[in-house]
Amino acid sequence: MKKIIVLIILVFCFSCKQIKETPSDATSKTLEVTEIKNDIERIEPPYWWTGFKNTNLQLLVKHPDIAKATPTIANTNINIKKVQQGQSPNYLFIDIDIAKNTAAGKFNITFQFKNETILTQTYELKKRVKKAEDYIGFNSSDVLYLITPDRFANGDTTNDIPMKRSGINEAGQKVSLLKEATINRKDDYARHGGDIKGITQHLNYIDDLGFTAIWSCPLLTNDMPRSSYHGYAITDYYQVDPRFGTFDEYKELADKASERGMKLIMDQVANHCGLEHWWMKDLPFDDWVNYQKEFENNEKTIYSNHRRTSNQDSYASKSDKEGMTNGWFVRSMPDLNQRNPYMATYIIQNSIWWIEALGLGGIRQDTYPYPDKEFMSKWAGAIMTEYPNFSIVGEEWSYNPLLIGYWQKGANNKDGYESNLTSTMDFAMQRKTVEALTEEESWDKGLVKIYEGLANDFHYASPKNIMIFPDNHDMSRIFTQLNGDIINTKMALSYQLVLPRIPQIYYGTEILMNDFEKPGDHGLIRTDFPGGWQDDTINAFTGKGLTADQKDMQDYLKKLVNYRKTSKAIHEGKTTHFAPFMGTYFLFRTLGDETVVHIINKNEKPITIDLKRYAEMNLQGKTLTNVITGEKFKWNDEITFKEKGSLILTNK
């Protein structure tokens, strides 16, 4: 009888175990959660995935007096390795290890206080939707379209001023969810209402122009009281700004772009947050941000000295180095201290979370030289370890190729520094392009600037992975920089689009948008794209109301970018250029039997050039096609230019 009772008990226990555990395969199982609990105020990342190379995950837990609680996880596949209390009693940092055989699913984290209070938080591990190797980053075959989302198109007017679901002010009015609660298109520094849906609704336009990737300025919550439109003062790293839309709409943008073969690039900020970030009211440690004591004592802000060369300068003083890295960018942007290991992990995990959650095709990292450079190497390295075919571009606003090259992966740096960064931004060649086209020709001015500028490619680990651009959201429009000269603007665009680079074009360049009224003014540079709002009388998406010059430029760029999409010689080919000669500059891209010729001619009057000078390119007697007009040209002894401009020829 006793044996029968023991047997019954064993069967019962086994049955209960089967109910509580859900096997996903022969070796992997996870606990089934019968009740979803959300007792904790905030836990970040909000969820994670199984299957990463790095099986460690650090959870930031924010809740009143949570440091007094002891967390436990009743799952043998998920082990708590370390628990760190914050210096604020309202934080816990939990390091967990996720066993490699753990299946996707939910589990509970229990927090028990000494007074026997128990809080429970359900946490989810999702299944990855594609292999790490399938996250393909941008490369030299791509052309990026840069967008300031608040100024591109308003696809959903209902999110212009999000309101709290509950809450009425003294006047009986609904209360805005965010601090900047107005739309004013007449104010260049106010919000104008552009959003994620506005981009998604016009993917066809961007695709039709030939662009293969979209870089949007930050779309995360920027709950600052003024000038929040630009997005670079982030106040919540895991939330899409409600004025731009929702996470689901952001994911839809990524998915719909991917369906067209276009990549979505996320603009991220590791250097600083916004002053209204939720943690600034209750910082977890006394070194979470740089110069925290001064901030908490309401003392004078200590700003960065902006001496970016101190990152490479072997003679730089310690005070210069610290002044560069530790100082705040501006008063409204607290400088994050990446030397705090918990902050460092937070930033790395946040980047990986967005890559995985959206299926990104790249990251653009803002103000790259400003954070701790050893951390930035670890940050980029952690991402590239998980996503070996991914791409990251860092903003190094320097006109010195030595500094630009220093930050690229594989650079032969004397100090041994390895950035792990696939791409940097070519501010040097941007400036040289403008100088080459605006200066009078002489021995050391004019076209020689781009000839000698391109010669600096010997310094770069991978020139074709450097990002070139005629302008961006922080500088005057290229049409303004070139003094309103349409032909020079076409020459700048055509030249950069045939270089061994990854080109980026700012929205509106195709319709000659400018900032002549207030050159260099950020609010004006980031002007509304005509047609993005219902009451616009001009619509660049359809062509309605555009001038003849605007339509011509739009058509020109469309032909050029779409041609570039098909040219392997531009993507991967050898580059050969010849010193400027009589106001002309010849550059060739070759791969196999494909040759692309780019010629800049600055002469206002007709001129004939002897082609025997370029005999080594072996084009004698061959027929080439004008990429823009379709006209044929036979490469014989000479070429005559009737007017100033650029010429793109191909033998394919």
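Scan the stretch 258-267 residue by residue and report those that are out of contact with any Lys or Arg (no Cβ under 9 Å at 6 or more places or on another chain) and crowded, with 21+ Cβ neighbours inside 10 Å. Before you say what the answer is, go through the steps one by one.
Step one: filter the stretch 258-267 for residues out of contact with any Lys or Arg (no Cβ under 9 Å at 6 or more places or on another chain), giving 258-261, 263-264.
Across the stretch 258-267, the qualifying residues are K263, L264.
Is it the case that the stretch 505-514 has a residue that's under 21 Å from the mean Cα position of the chain (by Cα), of a type in the set (A, V, I, L, M) and crowded, with 23+ Cβ neighbours inside 10 Å?
Among the residues of the stretch 505-514, at least one is under 21 Å from the mean Cα position of the chain (by Cα), of a type in the set (A, V, I, L, M) and crowded, with 23+ Cβ neighbours inside 10 Å, which makes the answer yes.
Could you please find all residues in the stretch 164-200 being outside any loop (DSSP other than H, G, I, E, B) and at pLDDT below 95? Steps first, please.
Applying the first criterion (outside any loop (DSSP other than H, G, I, E, B)) to the stretch 164-200 yields 164-168, 174-176, 196-200.
Once the filter is applied, which keeps residues that are outside any loop (DSSP other than H, G, I, E, B) and at pLDDT below 95, the stretch 164-200 yields K164, R165, S166, G167, I168, K174, V175, S176.
Going by the conditions given, is A270 buried (at least 23 other Cβ atoms within 10 Å of the Cβ), in a loop (DSSP other than H, G, I, E, B), at negative phi and touching an Asp or Glu at 6+ places or on another chain (Cβ under 9 Å)?
Numbers: buried (at least 23 other Cβ atoms within 10 Å of the Cβ): yes; in a loop (DSSP other than H, G, I, E, B): yes; at negative phi: yes; touching an Asp or Glu at 6+ places or on another chain (Cβ under 9 Å): yes.
Here the answer is yes, as A270 does meet what is asked.
Which one is farthest from L647 (Cα to Cα), of the residues in the stretch 575-588 that are open to solvent by less than 40 Å² (accessible area, probe 1.4 Å) and out of contact with any helix residue (DSSP H, G or I) (no Cβ under 9 Å at 6 or more places or on another chain)?
Among those that are open to solvent by less than 40 Å² (accessible area, probe 1.4 Å) and out of contact with any helix residue (DSSP H, G or I) (no Cβ under 9 Å at 6 or more places or on another chain), it is G583.
Is at least one residue of the stretch 504-518 assigned to a loop (DSSP other than H, G, I, E, B) and acidic (D, E)? So that I can check it myself, show each step before the final result.
Going through the stretch 504-518, the residues assigned to a loop (DSSP other than H, G, I, E, B) turn out to be 507-508, 512-518.
Add one more test, that the residue is acidic (D, E), and what stays is 515, 517.
Among the residues of the stretch 504-518, at least one is assigned to a loop (DSSP other than H, G, I, E, B) and acidic (D, E), which makes the answer yes.
Confirm whether Q430 is of a type in the set (S, T, N, Q) and open to solvent by 40 Å² or more (accessible area, probe 1.4 Å).
Numbers: of a type in the set (S, T, N, Q): yes; open to solvent by 40 Å² or more (accessible area, probe 1.4 Å): no.
Criteria not met by Q430.
Checking the structure you have, find out if any residue of the stretch 632-643 is open to solvent by less than 40 Å² (accessible area, probe 1.4 Å) and assigned to a loop (DSSP other than H, G, I, E, B).
From the stretch 632-643, those open to solvent by less than 40 Å² (accessible area, probe 1.4 Å) are 635, 639, 641; that's our starting set.
Restricting the remaining residues to those that are assigned to a loop (DSSP other than H, G, I, E, B) gives 635.
Yes, the stretch 632-643 contains a residue that is open to solvent by less than 40 Å² (accessible area, probe 1.4 Å) and assigned to a loop (DSSP other than H, G, I, E, B).
So for the stretch 341-356 (the condition being part of a helix (DSSP H, G or I), open to solvent by 50 Å² or more (accessible area, probe 1.4 Å) and without any contact (Cβ under 8 Å) to a residue 60 or more places away in the chain), does at least one residue qualify?
First, pick out the residues of the stretch 341-356 that are part of a helix (DSSP H, G or I): 341-356.
Those left that are additionally open to solvent by 50 Å² or more (accessible area, probe 1.4 Å): 341.
Filter again for without any contact (Cβ under 8 Å) to a residue 60 or more places away in the chain, leaving 341.
Yes, some residue in the stretch 341-356 is part of a helix (DSSP H, G or I), open to solvent by 50 Å² or more (accessible area, probe 1.4 Å) and without any contact (Cβ under 8 Å) to a residue 60 or more places away in the chain.
Go through the stretch 467-503 and count every residue that is part of a helix (DSSP H, G or I), open to solvent by 20 Å² or more (accessible area, probe 1.4 Å) and free of Cβ contacts under 8 Å to residues at least 40 places away in the same chain. Give the steps one after another, and end with the answer.
Here is the first cut: in the stretch 467-503, the residues part of a helix (DSSP H, G or I) are 478-481, 486-498.
If we keep only those that are open to solvent by 20 Å² or more (accessible area, probe 1.4 Å) as well, we get 479, 481, 486-487, 490.
If we keep only those that are free of Cβ contacts under 8 Å to residues at least 40 places away in the same chain too, we end up with 479.
Final tally of qualifying residues: 1.
Being more than 28 Å from V143 (Cα to Cα) and part of a loop (DSSP other than H, G, I, E, B): is that true of A233 here? Quick ask: steps written out before the conclusion?
Numbers: more than 28 Å from V143 (Cα to Cα): no; part of a loop (DSSP other than H, G, I, E, B): yes.
Considered against the rule, which asks whether it is more than 28 Å from V143 (Cα to Cα) and part of a loop (DSSP other than H, G, I, E, B), A233 comes out as no.
Residues checked against (1) among the acidic types (D, E); (2) out of contact with any helix residue (DSSP H, G or I) (no Cβ under 9 Å at 6 or more places or on another chain); (3) under 22 Å from G327 (Cα atoms):
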position	(1), (2), (3)
L358	no, no, no
D372	yes, no, yes
F375	no, no, yes
Y387	no, no, no
A411	no, no, no
K414	no, yes, no
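Only one of these is surrounded by 15 or more Cβ atoms within 10 Å (Cβ to Cβ) and touching a Ser or Thr at 6+ places or on another chain (Cβ under 9 Å): Y451, Y406, Y387. Name it. Don't jump to the end; show me each part of the working.
Working: Y451 fails: touching a Ser or Thr at 6+ places or on another chain (Cβ under 9 Å); Y387 fails: touching a Ser or Thr at 6+ places or on another chain (Cβ under 9 Å).
One residue alone meets the criteria, Y406.
Taking the stretch 375-409 as the region of interest, how many residues are closer than 30 Å to L125 by Cα and of a type outside the set (V, I, T)? Break it down into steps so the answer makes sense when it comes.
Initially, the stretch 375-409 is screened for residues closer than 30 Å to L125 by Cα, giving 375-393.
Of the ones still in play, those that are also of a type outside the set (V, I, T) are 375-382, 384, 386-391.
Selection size over the stretch 375-409: 15.
Output the residue which, of all residues in the stretch 433-448 that are in contact (Cβ under 8 Å) with a residue 40 or more places away in the chain and assigned to a loop (DSSP other than H, G, I, E, B), is surrounded by the most Cβ atoms within 10 Å (Cβ to Cβ).
Filtering first and then ranking leaves L447.
Looking at the stretch 557-570, which of its residues are in contact with a helix residue (DSSP H, G or I) (Cβ under 8 Å, 6 or more places away or on another chain) and more than 15 Å from I600 (Cβ to Cβ)?
Of all residues in the stretch 557-570, those in contact with a helix residue (DSSP H, G or I) (Cβ under 8 Å, 6 or more places away or on another chain) come to 557-558, 560-562, 564, 570.
Residues satisfying the conditions are L557, K558, V561, N562, R564, I570.
Of the conditions (1) of a type outside the set (D, E); (2) in contact with a helix residue (DSSP H, G or I) (Cβ under 6 Å, 6 or more places away or on another chain); (3) open to solvent by less than 60 Å² (accessible area, probe 1.4 Å), L591 fails just one. Which one is it?
With respect to (1) of a type outside the set (D, E); (2) in contact with a helix residue (DSSP H, G or I) (Cβ under 6 Å, 6 or more places away or on another chain); (3) open to solvent by less than 60 Å² (accessible area, probe 1.4 Å), L591 is out only on (3).
How many residues, within the stretch 120-138, are within 21 Å of the chain's Cα centre (by Cα) and open to solvent by less than 50 Å² (accessible area, probe 1.4 Å)?
Summing the residues that are within 21 Å of the chain's Cα centre (by Cα) and open to solvent by less than 50 Å² (accessible area, probe 1.4 Å) in the stretch 120-138 gives 4.
Could you list, in sequence order, the residues of the stretch 548-574 that are open to solvent by 70 Å² or more (accessible area, probe 1.4 Å) and farther than 28 Å from T595 by Cβ?
A548, D549, K551, listed by residue number.
Write out, first by first residue and then by second, each pair whose Cβ atoms fall under 8 Å of each other, whose residues are 6+ apart or on separate chains, and whose first residue, in the stretch 310-335, is under 30 Å from K281 (Cα atoms) and in a helix (DSSP H, G or I) while the second is among the hydroxyl-bearing types (S, T, Y) and open to solvent by 50 Å² or more (accessible area, probe 1.4 Å).
Final answer for the pair search is N326/Y291.
Return the residues of the stretch 467-512 that are hydrophobic (A, V, I, L, M, F, W, C), out of contact with any strand residue (DSSP E or B) (no Cβ under 8 Å at 6 or more places or on another chain) and farther than 21 Å from D555 by Cα; say none if nothing qualifies.
M475
Has the stretch 454-466 got any residue that is polar (S, T, N, Q), part of a loop (DSSP other than H, G, I, E, B) and modelled with pLDDT of 95 or more? Full working, then the answer.
First pass over the stretch 454-466, keeping only residues polar (S, T, N, Q): 456, 462, 465.
If we keep only those that are part of a loop (DSSP other than H, G, I, E, B) as well, we get 462.
The next check asks that each one be modelled with pLDDT of 95 or more; those that pass are 462.
So far as the stretch 454-466 goes, yes, one or more of its residues are polar (S, T, N, Q), part of a loop (DSSP other than H, G, I, E, B) and modelled with pLDDT of 95 or more.
Does the stretch 246-257 contain any residue that is open to solvent by 50 Å² or more (accessible area, probe 1.4 Å), closer than 17 Å to P46 by Cβ, outside any helix (DSSP H, G or I) and at pLDDT 95 or above? Walk me through it before giving the result.
The initial filter retains those residues of the stretch 246-257 that are open to solvent by 50 Å² or more (accessible area, probe 1.4 Å), namely 246-248, 251-252, 255-256.
Keeping just the survivors that are closer than 17 Å to P46 by Cβ gives 246-248, 251.
Now restrict to residues that are outside any helix (DSSP H, G or I): 246.
Now restrict to residues that are at pLDDT 95 or above: 246.
Within the stretch 246-257, one or more residues are open to solvent by 50 Å² or more (accessible area, probe 1.4 Å), closer than 17 Å to P46 by Cβ, outside any helix (DSSP H, G or I) and at pLDDT 95 or above.
The values are calculated or read from the model by the stated rules, or taken from the named source; none is laboratory data. Here the structure is a predicted model, which is why all the values come from computation and not from measurement. With ideal geometry, Cβ positions are generated from the backbone for all residues, glycine too; neighbour counts draw on all protein chains shown. SASA here: full protein model, heavy atoms, side chains in, ligands and nucleic acids out. Shrake-Rupley method; radii C 1.70, N 1.55, O 1.52, S 1.80 Å.
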